[in-house]
Amino acid sequence: MKPDPIDDFLAKAAAPPPDAATVRAGVERAQSAVLGDLRPVRPLGSPVRSALLFLAAFAAIAVLAGLILGPHGFHVLSALQRVLIFSALCVAAAVAALACTRAMRPASGASLSFPSLLLAAVGFPVLFAFLFAGYNTLHFVHEGIPCLVAGLCVSIPTCLLLLPLLRRGFVLDRRQAALACGTLAGLAGLAMLEIHCPNLRAIHVMVWHVAVVLVSAVLAWAIARLAW
Amino acid sequence: MPDLESLMCGYQQADEAAAQLFIERVSPLLLRYFLVQPNNRRFADDLLQDTWMRIHKARHTWRRGEPVLPWIFAIARYTSLDSWRKSRRLESREIQVEELPERSASTSSSRAPDLDAMLAVLPASQREVILLLKVSGLSIEEVARATASTAGSVRQKAHRAYRTLRALLRGKNVEA
């Protein structure tokens, strides 16, 4: 940055350091509090390892829930649909897992919580519009509500299961952490629906399946906002 | 003299001398960061203690090879933000009194009003960037890490803040 008259002003205005007595008192108080509880700690593993843990939890829950409810949806998908949908789910979950990892480490880079939600909320409807047909709204709500409920029944416990992983670190911004966690949990619900739900009407998949991600993320964020 | 990174490593390994020295080296930086913010000035000492408690709880999240100061200031920033949220909640429950109590002398200083008045004009995000860059002496990349932002965004905020401050300073000089 180029030198500027404002630099000079800021340097002069903010120059006086805190007086020595204030600093001494602060240091002594901090030392007595910290040194009294000094134990060795093992540094958290690499961010990649943490992200893989989140990703493994997501995949395990989604596949397990899908298999328990029955993989009817998986059987009716074509090979191309399977490859594109599950690859997209892996990418979106990887971004959400990275967002969770960043949320649990101070100063780990720009927050990815909102971009990960945006990616899922915009990317999946576009992908589904490309892969599926059928915009008939007959029984739209009647068929959609059970999918939304089933998705949330997976995403809410997933969110609770992801919390202990998040607590291994130190969360500074709980709202961002909740948003990232809610998005990843919502993606687990969406993945379960792609394995289980045999309804391939575009409008149904675009609205009700993607709604699981949105509701899960917004719910987690709202709870964090109310609590803190 | 050991650098902050090796002191932080010692702190993680429960080396008492390293932890002691680390607190001695970092506390003045933190105190200065809190004192320069008008909203935090009165509570600077409490904020310092609160920040140390958080640093202590979070010390396992720092990894060797990463810069220490952005990690410290990210924690300090949220300590200050949480304190502000808490005081805002308390203020909303306060009962109005007939007369305002006298302000303590320690809340203002001779150099404060000008800087305070000028910084008050800036949006919170720009003010924060300017304080971290100019008062705490962090680099643009370090500020980006501390504020969970990108270097480009920090540069843009600093540029906008500079433009506003420059115009204000020019106005003040003309008045004088």
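Coordinate-derived values only; no laboratory data. Since the model is a prediction, treat every value here as computed from it, not as a measurement. Counting neighbours? That spans all protein chains shown, and the Cβs are built from the backbone with ideal geometry, glycine included.
A Förster radius of 30 Å, combined with the Cβ-Cβ distance separating B:W84 from B:R166, puts the computed FRET efficiency at roughly 0.65.
Among A:Y135, B:Y78, B:Y11, B:Y162, the ranking by other beta carbons within 10 Å of each residue's beta carbon, starting with the fewest, stands as A:Y135, B:Y78, B:Y162, B:Y11. Say we join alpha carbon atoms closer than 10 Å with springs in a Gaussian network model of chain A; which of A:V205, A:V27, A:V48 then has the biggest fluctuation? Between A:V205, A:V27, A:V48, it is A:V27 that shows the largest mean-square fluctuation. Where does helix A:210-227 land angle-wise versus the long Cα axis of chain A, in degrees 0 to 90, nearest 10? On a 0 to 90 degree scale, this one is about 30. Considering only C-alpha atoms, what is the centroid distance from the stretch A:108-184 to the stretch A:33-91, in Å? The stretch A:108-184 and the stretch A:33-91 have Cα centres separated by 13 Å.
For the stretch A:47-227, the equivalent ellipsoid built from the Cα gyration tensor has semi-axes of 28, 16, 14 Å, listed from largest to smallest. In terms of surrounding Cβ atoms within a 10 Å radius of their Cβ, A:T158, A:T137, A:T22, B:T61 rank from fewest to most as A:T137, A:T22, B:T61, A:T158. Between A:V91, A:V23, A:V126, the residue with the greatest mean-square fluctuation in the GNM of chain A (Cα pairs under 10 Å linked by springs) is A:V23. The HN-Hα couplings worked out from phi for the stretch A:156-172 by the Karplus form 6.51 cos²θ - 1.76 cosθ + 1.60 (θ = phi - 60°) are 5, x, 4, 4, 5, 6, 6, 4, x, 5, 5, 6, 5, x, 9, 7, 8 Hz, whole numbers, x standing for Gly and Pro.
What is the helix-to-structure angle for A:47-69, meaning the angle in degrees between its Cα long axis and the longest Cα principal axis of chain A, kept from 0 to 90 and rounded to the nearest 10? Value to nearest ten degrees: 30. Note on B:I140, B:I72, A:I6: ascending count of other Cβ atoms within 10 Å places them as B:I140, A:I6, B:I72, the fewest first.
Between A:A60 and A:L84, what length in nm is gained on full extension when 0.36 nm per residue of separation is reduced by their alpha carbon distance? Each step should come with its number before you reach the end.
Working: separation 24, 0.36 × 24 = 8.64 nm, distance 1.95 nm.
Going from the current span to full extension adds 6.7 nm.
The Kirkwood hydrodynamic radius of the protein assembly as shown, based on inverse pair distances between different Cα atoms, is 23.8 Å.
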